[in-house]
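Data block below; observations after.
The values are calculated or read from the model by the stated rules, or taken from the named source; none is laboratory data. This one's a predicted model, so the numbers in the text were calculated from it and none came from an experiment. With ideal geometry, Cβ positions are generated from the backbone for all residues, glycine too; neighbour counts draw on all protein chains shown. For accessibility, only protein heavy atoms count, side chains too; no ligands or nucleic acids. Shrake-Rupley method; radii C 1.70, N 1.55, O 1.52, S 1.80 Å.
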Amino acid sequence: MRAAVLRAPHAHFEITDLTLRALGPRDVHVHGAASGVCRSDLSILDGTIPHPLPAVLGHEGAGVVLATGADVTSVAPGDHVVLSWVAPCRQCFQCLHGHPELCEHGLDHAFAAPYATDPDGNGLLAAFGTATFGEETVLPEAACIKIDDDFPLELAALVGCGVVTGVGAVCNSAHVEPGASVAVVGCGGVGLAAIQGARLAGAAPIIAVDRVASKLALARTCGATDVVDAAAGDAVQAVRELTGGRGADYAIEVVGTGATIRQAFDMTRRAGTVTIVGAGRFDDMVEIGAMTMMVDAKTIRGCVYGATDPRRDFPEMVRLHRAGRLDLDALVTRRIVLAELEDAFRAMEAGEVARSVIVY
């Protein structure tokens, strides 16, 4: 099968034939039907997220089961599945305390051994354990969530990361209640999903903040009641003016820089909640005064993978789309082939797309 291999940060992708490792007893062999191109992949490419290389990137995918190991019981050949980049063990401290997205062993399979070899016999890791920038992959049963066979796999792929991350940040992590005001900072694929999550939660107003006009237009189609062009003026002041001068009840930060996290903090009212979704650099610091932290009484929380339980939430996202409560079609800007992967990253950095989706 063919896949896009990254051998070093900032390098070009090498599209080549690979040989997958043999199936273990709890493994599943999946033919990838579609893969979203997510900013977290860009973060490995540009070195923001350190990851051992060479590897095959891609972690937002869906496909069809080709074969299963002897002990697999939840899926069978022919099943349609969404792939999760966390494979919860259901036994560790975090899993047993309601946080399968933080499973202490959820990424063990990504680093334990090569998932494939190249024509020269060199081993390759599966980035995030999924390696959806390839036509096929092998991953644990716990990372394969069965969905309805008639659901479009191009949309199902987005459920595997962007959709549950954005919707989950609002509904599972921030617990936004009906009538609350929400500001979403960053309107890429995850930010647009967060806006849809705020609409699902009954929030009002829903304020989209970005620097790119086309993204703000998309935000309106996803449920934003107001938009703020952060390139045109003081975004914090604009959000405050839209919320009675106090600031938003909830801010969802989906960029991942110290500057935008501080901006989200400042546009939240006293005793409000700031939820940080964007993946930033380890050396990018956020400075907030000690007295401010106390007297403003705000809650600042990180959110990994939308506080998602894949087994619970993936089928729920499919159901909500079918019911017209989520619009996954609105998140797909371009459908591409694997050879167009590098242009998809260029388009992402230029702010041209919500999501590019590789269709195999």
* Structure fact -> Here the gain from full extension of Arg21 to Gln94, 0.36 nm per residue of separation minus their alpha-carbon distance, amounts to 23.3 nm
* Asked: Over the Cα atoms of the chain, what Rg and Dmax result, in angstrom?
  -> 19.9, 64
* Asked: Roughly how big is segment 155-285's charge dipole about its Cα centre, with Cβ charges of +1 (Lys, Arg) and -1 (Asp, Glu), in debye to the nearest 20?
  -> 120 debye
* To do: Please express the Cα-Cα pair-distance distribution P(r) of segment 131-172 as a list of whole percents, one per 5 Å bin, running from 0 to the bin with the greatest distance.
  => 5, 17, 21, 29, 20, 6, 2
* To do: For segment 287-303, just list the computed ³J(HN,Hα) in residue order, Karplus coefficients 6.51, -1.76 and 1.60, θ = phi - 60°, integers in Hz, with x standing in for Gly and Pro.
  => 10, 9, x, 4, 5, 4, 4, 7, 6, 7, 6, 8, 9, 10, 9, x, 9
* To do: Averaging over all projection directions, find the projected area of the Cα convex hull of segment 1-79 and quote it in nm² with one decimal place.
  => 5.8 nm²
* Sequence-distant or interchain residues sharing an amide H contact under 5 Å with Ile15, placed H: which? -> Val5
* Asked: How big is the charge dipole of the chain about its Cα centre, in debye rounded to the nearest 20, if each Lys and Arg gets +1 on its Cβ and each Asp and Glu gets -1 on its Cβ?
  -> 900 debye
* Asked: For the chain, what % of the accessible area comes from carbon and sulfur atoms, probe 1.4 Å?
  -> 53 percent
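Add +1 for every Lys or Arg and -1 for every Asp or Glu among the other residues with Cβ under 15 Å from the Cβ of Gly24, and state the total.
Working: positive: Arg21, Arg26; negative: Asp27, Asp71, Asp108, Glu141.
Within the 15 Å Cβ shell, the charges total -2.
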* Asked: For segment 88-162, what class follows from the C-alpha gyration tensor (a ≥ b ≥ c being the square roots of its eigenvalues): rounded when a/c is under 1.5, otherwise prolate if a/b is larger than b/c, else oblate?
  -> oblate
* With point charges of +1 on the Cβ of Lys and Arg and -1 on the Cβ of Asp and Glu, referenced to the Cα centre of the chain, which listed residue (Ala112, Phe314, Ser40) lies farthest in the positive direction of the dipole? -> Phe314
* **Gap separating the Cα centres of segment 23-68 and segment 330-360, nearest whole Å** => 16 Å
* Cα centroid of segment 93-140 to Cα centroid of segment 225-278, whole Å -> 35 Å
* Structure fact -> Checked segment 249-360 against the a/c 1.5 cut and the a/b vs b/c comparison, axes a ≥ b ≥ c from its Cα gyration tensor; verdict oblate
* Structure fact -> Zone reached by a paramagnetic label modelled 7 Å from Arg220 Cα along Cα→Cβ, restricted to segment 311-338 with backbone N below 20 Å, covers 327-333
* **Shape category assigned to segment 174-311 from the gyration tensor of Cα positions, a/c cut at 1.5** => rounded
* Structure fact -> HN-Hα couplings for segment 157-174 via Karplus (6.51, -1.76, 1.60; θ = phi - 60°), in whole Hz with x for Gly/Pro, come out as 4, 5, 4, x, 8, x, 5, 5, 5, x, 5, x, 4, 7, 8, 8, 9, 6
* For the residue pair Ala8 and Asp150, what label-to-label distance in nm results when each label sits 7 Å from Cα along the Cα-to-beta-carbon direction? -> 5.2 nm
* Structure fact -> So the pair-distance distribution of segment 25-159, from every Cα-Cα distance in 5 Å bins, comes to percents of 2, 11, 20, 22, 22, 15, 7, 1, 0
* To do: Using just the helices of the chain, give the 222 nm mean residue ellipticity in deg cm²/dmol: DSSP H runs with n ≥ 4 each add -39,500 (n - 2.57), and the total is spread over all residues, rounded to 500.
  => -7000 deg cm²/dmol
